[in-house]
Amino acid sequence: MVLAYSRMIYVEFTVSQTMEHFLACHEHAFQAFGGVPTRIMVDNLKSAVLSRLVGSAPVLNPKYLDFSRHYGFDITACNVAKGNEKGRVESGVGYVKKNFLNGREPNDLISTNTAAKLWLDTIANLRCHGETRQRPCDLLLEEKPHLRPLNPNPYDYARSLTLVASSQFRFTVDTNHYSVPADYAHRRLTIKAYPDRVCAYYDGKLIARHVRCYDRHQDIEQPDHAKVLLTQRQHAREQRLVMNFLALSPQAPAFYEGLQHKQPNTRHHLRRILALAEIYPPAEMDRAIQDGLAFHAFSADYLTNILEMRARALPEPGPLHLTRHQDLLEIEIAPPDLTLYENK
């Protein structure tokens, strides 16, 4: 939560967040106020204060210190266990919990922000504040002339990571897996995590951008990222199909050229011919392809018909071999009885 009083901002984070969220909240507050305060008072969270020893100056987070120099404000860290130093912001947190968040179940950040903006404009900023005895909207008008102008150059508050894309062309941020184009599998990438998006860079070039997911163990893929891989795999399958066909016969290259000219779907005919090769011997396939080439019958149907007809053809009968020729030659046949015809 960020509250402004007397040219100073109190910053209180009620939940654990990463640095990009911490700095993004500052920037959003500056934009909402229309300027930058002279001084910001923070609690001793790690995003702002790395260490704090009694009697010595606090060690500030270098990222937060660089952010303060970019926008031109001073940082004041509260003393340890001194809740009274930021009592107003503590009471402001309680006011939000008891009013805006009371009984509300936020579904997503966008709808919650929209509802919060409406609540601020119609209720919270119009009430009389118990401590200042003024309306927050009136007090902000008094404070605005004392705010410093916003830096026109936005600060890059993203959390940067160096990751290697997996074989499934994915990188992981907070247990969620995001895709990059398939060409960048096994490449070392620079990942920038913003509160609302995750961006992947290779050699300084943006190659992927995703809406940041706050669920756990989700897989987020853009359909276009897999297209190159699918095209490569399809091309490889077609090449294997052609090579297997060309190995069937020395005449297969000429037959394949004829297929390409005569048939609109060459791959369909190649698959059918290769299926025949799993049934018939190589010599039969070679002979059928030669016949198809001779008669310019470039079709899987022709090869199927000729192979089936040859498989059904009966072998030609051979010469008669008499194994007991002596006994067969000595057979005596009685002369026919013609007397049956004499009485006619």
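Summary table
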quantity: Residue in the range 208-219 that is surrounded by 17 or more Cβ atoms within 10 Å (Cβ to Cβ) and of a type in the set (V, I, T) present; calculated: no
quantity: Filtered residue count, the range 42-68, keeping only those that are free of Cβ contacts under 8 Å to residues at least 24 places away in the same chain, under 24 Å from S160 (Cα atoms) and either surrounded by fewer than 11 Cβ atoms within 10 Å (Cβ to Cβ) or of a type in the set (S, T, N, Q) (or both); calculated: 2
quantity: Cβ-Cβ under 6 Å pairs, at least 6 apart or on other chains, the range 105-122 side assigned by TED's automatic domain parsing to the domain that holds D215, far side exposed (fewer than 10 other Cβ atoms within 10 Å of the Cβ); calculated: none
quantity: Strands (runs of 3 or more DSSP E) completely within the range 137-216 that count 2 or more residues being under 25 Å from E20 (Cα atoms), modelled with pLDDT of 95 or more and aromatic (F, W, Y); calculated: 197-202
quantity: Qualifying residue in the range 153-176 (condition: aliphatic (A, V, I, L, M), touching a residue at least 60 places away in the same chain (Cβ under 8 Å) and closer than 29 Å to G34 by Cα); calculated: yes
quantity: Within the range 1-95, strands (runs of 3 or more DSSP E) holding 1 or more residues that are modelled with pLDDT of 70 or more and over 16 Å from Y157 (Cβ atoms); calculated: 39-42, 49-51, 74-77
quantity: Single condition P154 does not satisfy, out of (1) surrounded by 12 or more Cβ atoms within 10 Å (Cβ to Cβ); (2) within 16 Å of A29 (Cα to Cα); calculated: (1)
quantity: Filtered residues of the range 227-251 (kept if of a type in the set (S, T, N, Q) and more than 32 Å from the chain's Cα centre (by Cα)); calculated: N244, S249, Q251
quantity: Single unsatisfied condition, T114 versus (1) at pLDDT 85 or above; (2) surrounded by fewer than 13 Cβ atoms within 10 Å (Cβ to Cβ); (3) part of a loop (DSSP other than H, G, I, E, B); calculated: (3)
quantity: Single residue of the range 252-278 satisfying the filter (outside any helix (DSSP H, G or I) and exposed (fewer than 11 other Cβ atoms within 10 Å of the Cβ)) that is nearest to the chain's Cα centre (by Cα); calculated: N265
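The values are calculated or read from the model by the stated rules, or taken from the named source; none is laboratory data. Worth saying up front: this structure is predicted, and the values here are computed from it rather than measured. As a convention, Cβ positions derive from the backbone with ideal geometry for all residues, glycine included, and neighbour counts pool all protein chains shown.
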